[in-house]
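Input: a single structure, listed below in structure tokens.
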Amino acid sequence: MSTLQHRTQKLVESTVFQTGILALIILNAVILGAETFPGVVKTVGPALGMADRWILMIFILEIGLRVFAWRGAYFRQGWNLFDIVIVTISVVAATSGLAALRAFRVLRVLRVITVIPRMRVVVSALLDSLPGIASVGVVLALIIYVFAVIASNLYGADHPRLFGDVFTAMYTLFQVMTLEGWPDIAAQVGETHGRSWVFFLSFVLLATFTMLNLFVAIVVRVVEEDSEPLVADIVANQKAIADDIAAIRAEVEALTRRERD
């Protein structure tokens with residue numbers, strides 16, 4: 001490894017460098033948000049556009065420095081590839097005249113995930129929990145389907161807008177599951193079917209309070225598992241620091257005894 005490459009590695013891994021990149025990401029997010037206000041665009045629009053282009057150039061330079069520092073090893077990490085994809089999309093969006101593509105410049109804000117290690121743990125946990133979430137999602141879909149068929153047969157004739165067929169009933173039950181306006185739906189059905197509260201109560205208890213909490217439980221469990229290596233590293237670093245402090249104290253005490261003797 002050349003001296004220049006080693007210095008570049010120390011530069012891109014330094015706290016000052018990473019803090020600067022994080023600050024630019026936040027600044028870029030503020031600029032992209034400010035561009036959505038017509039009044040701001042009329043007054044300082046050109047300045048915001050220039051700042052946006054300069055920040056994009058710095059991001060490209062940053063990736064170039066990291067590639068130079070780590071060479072092929074840089075492309076073997078998924079988060080680095082994520083950075084490259086985000087910056088590439090930003091370059092295409094910034095150089096395109098299409099407004100729809102220019103909107104994708106905001107994806108640069110997602111780079112904050114790669115800068116903050118704890119956020120990477122959360123995103124990794126979400127990705128690792130996808131198989132479990134998919135399994136719970138299939139069970140939840142089956143529950144909604146079963147209840148939709150029942151509701152369509154029981155209430156479809158009197159309330160075709162809510163439960164006219166199985167797909168309409170599934171959409172209505174999905175709305176009930178999110179607890180958004182479900183008392184109005186239950187009250188409307190209750191006007192013609194006095195005991196419909198049993199159906200809605202059973203569905204809310206099973207689909208909302210039970211199944212949706214399973215999603216949360218799966219994500220929390222995976223987050224705890226993925227956080228264990230990070231916690232172990234922190235504990236190991238703290239132990240190493242404590243050992244170094246103890247060794248320094250022992251050396252100081254030994255020197256003090258020698259001076260006294």
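Exactly one residue among L205, L201 is closer than 30 Å to L126 by Cβ, surrounded by 10 or more Cβ atoms within 10 Å (Cβ to Cβ), of a type outside the set (F, W, Y) and modelled with pLDDT of 75 or more, and that residue is L205. Cβ separations smaller than 7 Å between residues 6+ apart or across chains give the following pairs from segment 1-23 residues that are among the β-branched types (V, I, T) to residues that are surrounded by 11 or more Cβ atoms within 10 Å (Cβ to Cβ) and part of a helix (DSSP H, G or I): T8/L65; T8/F68; T8/A69; V12/L65; V12/R66; V12/A69; I21/E62; I21/V115.
Taking residues in segment 45-56 that are within 14 Å of S90 (Cβ to Cβ), and partners anywhere that are of a type in the set (D, E), the pairs with Cβ atoms closer than 9 Å and at least 6 places apart or on different chains are G49/E35; D52/E35. Residue count for segment 178-198 satisfying the condition of being surrounded by fewer than 11 Cβ atoms within 10 Å (Cβ to Cβ) and on the phi > 0 side of the Ramachandran plot: 1. Residues satisfying the criterion are absent from segment 42-59 (criterion: among the charged types (D, E, K, R), surrounded by 14 or more Cβ atoms within 10 Å (Cβ to Cβ) and in contact with a Gly (Cβ under 8 Å, 6 or more places away or on another chain)).
Of the numbered criteria (1) surrounded by fewer than 12 Cβ atoms within 10 Å (Cβ to Cβ); (2) among the β-branched types (V, I, T); (3) closer than 20 Å to V91 by Cβ, the one I31 fails is (1). So for segment 235-255 (the condition being at pLDDT below 75, surrounded by 14 or more Cβ atoms within 10 Å (Cβ to Cβ) and more than 25 Å from I150 (Cα to Cα)), does at least one residue qualify? No: zero hits. Taken across segment 140-156, residues that are more than 22 Å from A23 (Cβ to Cβ) and under 27 Å from the mean Cα position of the chain (by Cα) do occur, with at least one present.
If L48 satisfies all but one of (1) within 22 Å of the chain's Cα centre (by Cα); (2) over 29 Å from R118 (Cα atoms); (3) of a type in the set (A, V, I, L, M), what's the number of the condition it fails? Evaluating L48 over (1) within 22 Å of the chain's Cα centre (by Cα); (2) over 29 Å from R118 (Cα atoms); (3) of a type in the set (A, V, I, L, M) leaves (1) as the failure.
Being at pLDDT 90 or above, surrounded by fewer than 14 Cβ atoms within 10 Å (Cβ to Cβ) and under 34 Å from the mean Cα position of the chain (by Cα) is the requirement here; does F174 meet it? Here the answer is no, as F174 does not meet what is asked.
For segment 90-107, check the following and say yes or no: at least one residue is in contact with a Leu (Cβ under 9 Å, 6 or more places away or on another chain), within 30 Å of G33 (Cβ to Cβ), in contact (Cβ under 8 Å) with a residue 60 or more places away in the chain and not hydrophobic (A, V, I, L, M, F, W, C). Yes, segment 90-107 contains at least one residue that is in contact with a Leu (Cβ under 9 Å, 6 or more places away or on another chain), within 30 Å of G33 (Cβ to Cβ), in contact (Cβ under 8 Å) with a residue 60 or more places away in the chain and not hydrophobic (A, V, I, L, M, F, W, C).
The values are calculated or read from the model by the stated rules, or taken from the named source; none is laboratory data. All figures in this text were calculated on a predicted structure; none of them were measured in a lab. Glycine gets a Cβ as well: all are built from the backbone with ideal geometry, and neighbour counts include every protein chain shown.
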